[in-house]
1. Only one of Pro174, Pro128 is touching a residue at least 40 places away in the same chain (Cβ under 8 Å), in a loop (DSSP other than H, G, I, E, B), farther than 29 Å from Glu102 by Cα and assigned by TED's automatic domain parsing to the domain that holds Lys8; which?
2. Considering the stretch 250-276 alone, what residues qualify as being exposed (fewer than 13 other Cβ atoms within 10 Å of the Cβ) and either touching a residue at least 40 places away in the same chain (Cβ under 8 Å) or of a type outside the set (D, E, K, R) (or both)?
3. In this structure, does Val101 turn out to be surrounded by fewer than 24 Cβ atoms within 10 Å (Cβ to Cβ), assigned to a strand (DSSP E or B) and not aromatic (Phe, Trp, Tyr)?
4. Six or more apart or on different chains, Cβ under 8 Å: which pairs go from a residue in the stretch 137-157 that's in the same structural domain as Ser115 (by TED's automatic domain parsing) and under 18 Å from Ile168 (Cβ atoms) to one that's surrounded by fewer than 18 Cβ atoms within 10 Å (Cβ to Cβ) and hydrophobic (A, V, I, L, M, F, W, C)? Could you list them?
5. I want to confirm something. Restricting to the stretch 141-152 and keeping residues that are out of contact with any helix residue (DSSP H, G or I) (no Cβ under 8 Å at 6 or more places or on another chain) and crowded, with 16+ Cβ neighbours inside 10 Å, which single residue is nearest to Ile181 (Cα to Cα)?
6. Please list, ordered by residue number, the helices (runs of 4 or more DSSP H) wholly in the stretch 204-287 having 2 or more residues that are touching a strand residue (DSSP E or B) at 6+ places or on another chain (Cβ under 9 Å) and of a type in the set (D, E, K, R).
7. Go through the residues of the stretch 45-57 one by one and say whether even a single one is surrounded by fewer than 22 Cβ atoms within 10 Å (Cβ to Cβ), in a helix (DSSP H, G or I) and free of Cβ contacts under 8 Å to residues at least 40 places away in the same chain.
8. Assuming Ser116 fulfils every condition listed in (1) buried (at least 21 other Cβ atoms within 10 Å of the Cβ); (2) out of contact with any Ser or Thr (no Cβ under 6 Å at 6 or more places or on another chain) apart from one, which condition is it?
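The values are calculated or read from the model by the stated rules, or taken from the named source; none is laboratory data. Since this is a predicted model, take the numbers as computed values, not measurements. Note that we place each Cβ from the backbone using ideal geometry, even for glycine, and neighbour counts take in every protein chain shown.
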Amino acid sequence: MDEEILNKYRLAGKISAEAKSFGKKLIKPGASLLDIANRVESKIIDGGAGLAFPVNISINEIAAHYSPTIDDKLKIKKGDVVKLDLGAHIDGYIADTAITVEVAENKYTDMIKASSEALDAVIDFIKPGVNLFDIGKIVSEKINSYGFIPIENLTGHSLRKYTLHAGISVPSVPNNYRNKIPKEGEVLAIEPFATNGAGHVIQGDGSNIYLCKGSFSPRLVRNRNIKILFNKMKQKFKTLPFSQRNFISEFPNTDVSLRKLCFLGLIQHYPQLIEADNGIVTQKEHTVILTDDGCEVTT
């Protein structure tokens, strides 16, 4: 990997790690999800990076993909199991990281350890040329050893410039269909999820996380102002996800709603991902760069 690009990945990782530590301290009873998201995103931007995606604050059975709306009233409660998932980029080179916090209780300490130690075990093992089937086996065995279940349909992923999910999936269960061989210089986000539920997620309500489509049908989109807005959105967000908060901040006073943009096929709205049996979910995530004999953790 080019040294300049490597340093951009490292800087994105450093800023993400600092934002994660900062956000962890904000997670306490009575804290507003909106305030946490705004402050963590400001931390990333003030650090000199761009947002790789909106800050996710997913609680209890919500495994992933919840970001507060601009008028969100939800607050953290005692006993909540909170996944804080965030990412930064430098010129499109991304770091993605996450942590789980149980709020003012200790009922799920072992489940938090299960996902964390599964991540540590993968980091110790992974190197160029490994079969990802073996990664899934390591994660599954570690989480099972604590009496919990890995979430089979949530995986880690490769990262490329301005691309959050770049083709390689890093499984949490042994899976022969995900057997690509990662190479030196590959950048991977590794994120085991553990649960006391069914072990897979289903789609829920909208997440407040959106993505610009690559193109649109001229037959459906004839309004010139909407076409101009779409091109501005593509220029601003590129191929990275964004939130309603991000959209309103960048394009205030527009009379075009995100719902209309979804209807016209200009953007897609990600669903929340919910544990199928409403089980509690924990997550831990780091971004790594594969080296000749192992990996470098950037976050």
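1. Details: Pro174 fails: farther than 29 Å from Glu102 by Cα.
Selected residue: Pro128, the only one of Pro174, Pro128 that is touching a residue at least 40 places away in the same chain (Cβ under 8 Å), in a loop (DSSP other than H, G, I, E, B), farther than 29 Å from Glu102 by Cα and assigned by TED's automatic domain parsing to the domain that holds Lys8.
2. Kept after step one, since they are exposed (fewer than 13 other Cβ atoms within 10 Å of the Cβ), are these residues of the stretch 250-276: 252-253, 255, 257, 259, 263.
Result: Pro252, Asn253, Ser257, Phe263.
3. Details: surrounded by fewer than 24 Cβ atoms within 10 Å (Cβ to Cβ): yes; assigned to a strand (DSSP E or B): yes; not aromatic (Phe, Trp, Tyr): yes.
Yes; evaluated as a whole, the condition is true for this residue.
4. Ile138/Ala121; Ile138/Phe125; Val139/Ala121; His157/Ala166
5. Here is the first cut: in the stretch 141-152, the ones out of contact with any helix residue (DSSP H, G or I) (no Cβ under 8 Å at 6 or more places or on another chain) are 141, 144, 151-152.
Next, only the ones that are crowded, with 16+ Cβ neighbours inside 10 Å stay: 151-152.
On the way: Ile151: 22, Glu152: 19 Å.
Among those that are out of contact with any helix residue (DSSP H, G or I) (no Cβ under 8 Å at 6 or more places or on another chain) and crowded, with 16+ Cβ neighbours inside 10 Å, it is Glu152.
6. Values: elements: 224-237, 244-250, 258-263.
Answer list for the stretch 204-287: 224-237, 244-250.
7. yes
8. (1)
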